[in-house]
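First comes the structure, then the notes that go with it.
The values are calculated or read from the model by the stated rules, or taken from the named source; none is laboratory data. Nothing here was measured: the structure is a model prediction, and the numbers come from that model. With ideal geometry, Cβ positions are generated from the backbone for all residues, glycine too; neighbour counts draw on all protein chains shown.
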């Protein structure tokens, strides 16, 4: 009888629901509760991070936890990884539904700490930092500590892993210069452009050595102008060290950038499809080594060696056309750890990071793994990762998430000049005048979105040289005004004045 | 039967052939790229005739070994069970909507239609799933997708409405109730549309990784889609990170891997439709009323 | 469980709801799983939509919290969208593109179904049908990679062909005007095969004696196709159109974000509500705001279907939704 069948179906459904109820252990998404958080009991810290777990993560964490126990910190750490593609949604979901976890990674260039804080997602760790955060404070400059604050409340534990005063500089391949008969490293912008032209015209490789660029990211134009005294905030606000704050697109710096980019574009030095290039494609180009000049930095050169077997870490020169003006730090750090409100022991996060920065040994254990199994130390503060037969390291943890410049080892496979500039604190650099403040854009949210849309539509083509400045700037500025850029600049100015 | 080959038929045949080719070529390209050496891709772009071949991407995927096999097992189980359940429930509800004796079927239709247009977002869905215990278990992969849109239900309803009412009437006279009529008479006659709907559900379940990501943390339960997504995600991030902090060695086979992932994912499902084709039988309705 | 208590429209309310359930208890019984399911996963979630009118706060996790502790803020969450200069343009693009997709998609799918029905060779039909589904299996992101290899200025196959024929290469990725057409073609390529199957299922249910009778009367195949097949699958066509109209305000985010990405030069013709909101909320945004816009899209979609369904019921009752 079919009635029987439908009954069976209903039973099956309810049975599976019940089975579901029974076994819903909610596995690793809850921190086991030793709720009172006294320092006698071991508190389990669940740290949520983007990416994928290394194969031997259990072994690596066991070593860390053993040391934590030996040092009497009272904290045991566990990691939960979520793939990049779903990171934002997953974190949002976990915060919105009160899932229990204790620490997660915040990237200011993706979603700012201020954003989370203003919606009540984060726990206040000011007192925890004061009580348990001594090593953190010693190892992070004031600027970095401030990056983790909103108002005067500490929400984030900064990861001061890289020097950020890098904006007006670039990299050039000396091996290619030599190959094409250019014997001196360019010291001015024009020399560099003519070097690029020479190389491009004589190029005998497969893909042309365009300047690696993504349309949307080039708006800042640091690389293309000679004004070295400013920092660009929110992609549109020009803040000069002398105190000027204005709409970046009205400045001479922007004009110069566009004109230089245009000249390069017309000389065939910039990819005609630059506006559609994704960061993946740009990285592909960087990895093949088919480029002469790069306005950023590169890491390990191992994949470049596949095409350029004679390449060494010394075949790169640092490009800085203005060595007299000091470099400016736009912010302290963009990476930090935050504690969600749902955590039952917020101070555990601070205790853990504090332990991490207590000694080189602690740091190495968590970041690099076990010496001899996961890595080996080399001279000059360098290290080499030991890969297993599948090409991956057994255990490691990314330095860019929780590293600190005072403890990090250098990759022996990265260009020497890159290591030198990224991982040493530039003693001559200045903190940007607006670097201590975090801009809260919620009052000008609509204008910000509209201006960003216009930037993509009419500014990016000029900034990349696809269209020329003079015939397009008037229209662009007009569109930006209509989108409300003046409101955004005014809001920024007001917040800056208030923070001084 | 008309054996002459008319010009019209030839033209139609050509049109279909052309369209089919346009659909086939990108698939072939995807496959060719998946077996191309990564450096070749980076330097010369995608091509039907790779300069250098390499099966590295596939080896990388299957290096996962037992977890990939398990992932496949989970995917297949979830797809088969899920599709059967979904087709069953959809067809049953569609019958009711098509049953002219049910006075309130219009209202019921509205009840089912509203969720198609109004959705409340991920967060409440997640809360409901958690409250029902649909976390970290197999039902979590099956149930939240059961009727991913009542769209399919309307398709079946439409089809069933087109069947003659006399079918129901004569069966009722014979003493059968609606449940019997639905499953013994209407379902067999609706096999074409049920097969179509089955195809949609099957594809949906097979390609789903969303449920896995949102509801499951236990990696023993990851379907193959999620495993591949993780692998892709990891490899492409490795590449990006190389530029930031230089921690990884080698050329991660990101481009060929993306394509290999697509091929592996598509593989089994390509077989689903041919399997269902046999249900598209004409003339089911003829003769069923005459008895 | 809450059930709608409207009487069937057009008829006098003669039979009460519970009486109907009792009379047709088996029908309602077998529909019960579906009813419960939809209730749990949709209707139970609806109170959450109240968030659209509140200042978002991560700590309000349950419905009770939302109702009692939420900070109401009227229509503020809608402001970020409607105060924007782009509101009109993205809304227009969304509707325009969706209508184009519906019209062209339907025509193409129906044509494919009818043509496939006309062919004699079984293996040819089966093979091409299976092949036509392939594009559906490839995700939009994959498609964007393939598209790039076709259309890129320097190395793209299309431009290489153009250059070989003596034409100048076109920079496809900066020409906004070409993109509605490109998007329509891509949509058809990806979905027509799949939708054709729906129509094929309908065609198989057509009584074959109709064709036999018609051919005895001397009708040609094209006549039979247009006079018999087409009208008989019309209800399906209409239902599909109505269902699509319900989603007319929801753009195909997956497709457009994958193919256009952050290329601002194409925004004027391809930016839709979903992509605009996604970008706007990416850095400064929250769930309340996305809920608000979702609600806006749903409400408009609902009225569209309501209206079209009403019209359909007047002129073509077989195809109506409810």
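Restricted to the stretch C:105-130, and to residues there that are at the interface with another protein chain (Cβ under 8 Å from one of its Cβ atoms) and under 23 Å from the mean Cα position of the chain (by Cα), the residue that is surrounded by the most Cβ atoms within 10 Å (Cβ to Cβ) is C:112.
Helices (runs of 4 or more DSSP H) wholly in the stretch A:178-291 with at least 3 residues that are closer than 18 Å to residue A:167 by Cβ - which ones? Can you show your working first?
Values: elements: A:189-202, A:252-266, A:279-288.
The helices (runs of 4 or more DSSP H) meeting that bar are A:252-266.
Of the residues making up the stretch A:272-316, those that are more than 11 Å from chain B (Cβ to nearest Cβ), more than 27 Å from residue C:156 (Cβ to Cβ) and buried (at least 19 other Cβ atoms within 10 Å of the Cβ) are A:311, A:315, A:316.
For the residues C:137, C:173, C:145, the requirement of being crowded, with 21+ Cβ neighbours inside 10 Å, within 30 Å of residue B:34 (Cα to Cα) and either at pLDDT 85 or above or more than 14 Å from chain B (Cβ to nearest Cβ) (or both) singles out C:173.
Before we move on, is residue B:157 more than 30 Å from residue C:48 (Cβ to Cβ) and under 21 Å from the mean Cα position of the chain (by Cα)? Walk me through it before giving the result.
On the way: more than 30 Å from residue C:48 (Cβ to Cβ): no; under 21 Å from the mean Cα position of the chain (by Cα): yes.
So residue B:157 fails the test.
Given the structure, is residue A:171 modelled with pLDDT under 95 and assigned to a helix (DSSP H, G or I)?
no
Of the residues making up the stretch B:110-151, those that are at pLDDT below 85, in a loop (DSSP other than H, G, I, E, B), over 19 Å from residue C:300 (Cα atoms) and within 13 Å of chain A (Cβ to nearest Cβ) are B:146, B:147. Under the condition of being over 24 Å from the mean Cα position of the chain (by Cα) and either facing chain C (nearest Cβ under 7 Å) or within 25 Å of residue C:250 (Cβ to Cβ) (or both), the residues counted in the stretch B:85-109 number 11. Screening residue B:60 against (1) more than 13 Å from chain C (Cβ to nearest Cβ); (2) within 30 Å of residue C:29 (Cβ to Cβ) leaves a single unmet condition, (2). The set of residues in the stretch A:387-406 being more than 9 Å from chain B (Cβ to nearest Cβ) and either touching a residue at least 60 places away in the same chain (Cβ under 8 Å) or touching a strand residue (DSSP E or B) at 6+ places or on another chain (Cβ under 6 Å) (or both) consists of A:388, A:394, A:395, A:397, A:401, A:402, A:404, A:405, A:406. Quick one: would you say residue A:133 is within 29 Å of residue C:70 (Cα to Cα) and either away from every other protein chain (no Cβ under 14 Å) or buried (at least 23 other Cβ atoms within 10 Å of the Cβ) (or both)? Against the criterion (within 29 Å of residue C:70 (Cα to Cα) and either away from every other protein chain (no Cβ under 14 Å) or buried (at least 23 other Cβ atoms within 10 Å of the Cβ) (or both)), residue A:133 does not qualify.
When C:299, C:277, C:248 are checked against the criterion of being within 30 Å of residue C:59 (Cβ to Cβ), away from chain A (no Cβ under 14 Å) and modelled with pLDDT of 85 or more, C:299 stands alone in meeting it.
I need the helices (runs of 4 or more DSSP H) fully contained in the stretch B:165-226, keeping only those with at least 3 residues that are within 11 Å of chain C (Cβ to nearest Cβ). Full working, then the answer.
Details: elements: B:165-173, B:191-207, B:210-215.
Result: B:191-207.
For the stretch A:242-260, indicate whether the set of residues that are surrounded by fewer than 17 Cβ atoms within 10 Å (Cβ to Cβ), within 25 Å of residue A:334 (Cα to Cα), out of contact with any strand residue (DSSP E or B) (no Cβ under 7 Å at 6 or more places or on another chain) and touching a residue at least 24 places away in the same chain (Cβ under 8 Å) is non-empty. Yes - at least one qualifying residue is present in the stretch A:242-260.
Out of all the residues in the stretch A:359-376, is one or more under 24 Å from residue A:108 (Cα atoms), within 14 Å of chain B (Cβ to nearest Cβ) and within 19 Å of the chain's Cα centre (by Cα)? The answer is yes, given that some residue of the stretch A:359-376 is under 24 Å from residue A:108 (Cα atoms), within 14 Å of chain B (Cβ to nearest Cβ) and within 19 Å of the chain's Cα centre (by Cα).
Condition (residue is more than 14 Å from chain A (Cβ to nearest Cβ) and over 24 Å from the mean Cα position of the chain (by Cα)) applied to the stretch C:255-274: is it met by at least one residue? Scanning the stretch C:255-274, I find no residue that is more than 14 Å from chain A (Cβ to nearest Cβ) and over 24 Å from the mean Cα position of the chain (by Cα), so the answer is no. Restricted to helices (runs of 4 or more DSSP H) entirely inside the stretch A:1-97, those with at least 1 residues that are at pLDDT 85 or above are A:57-70, A:87-96. One residue stands out among those in the stretch B:36-49 that are crowded, with 18+ Cβ neighbours inside 10 Å and more than 7 Å from every other protein chain (Cβ to nearest Cβ): the one that is nearest to the chain's Cα centre (by Cα), which is B:36. Return the only residue of A:361, A:408, A:347, A:384 being farther than 30 Å from residue A:115 by Cα and at pLDDT 90 or above. When all the criteria are applied, what remains is A:361.
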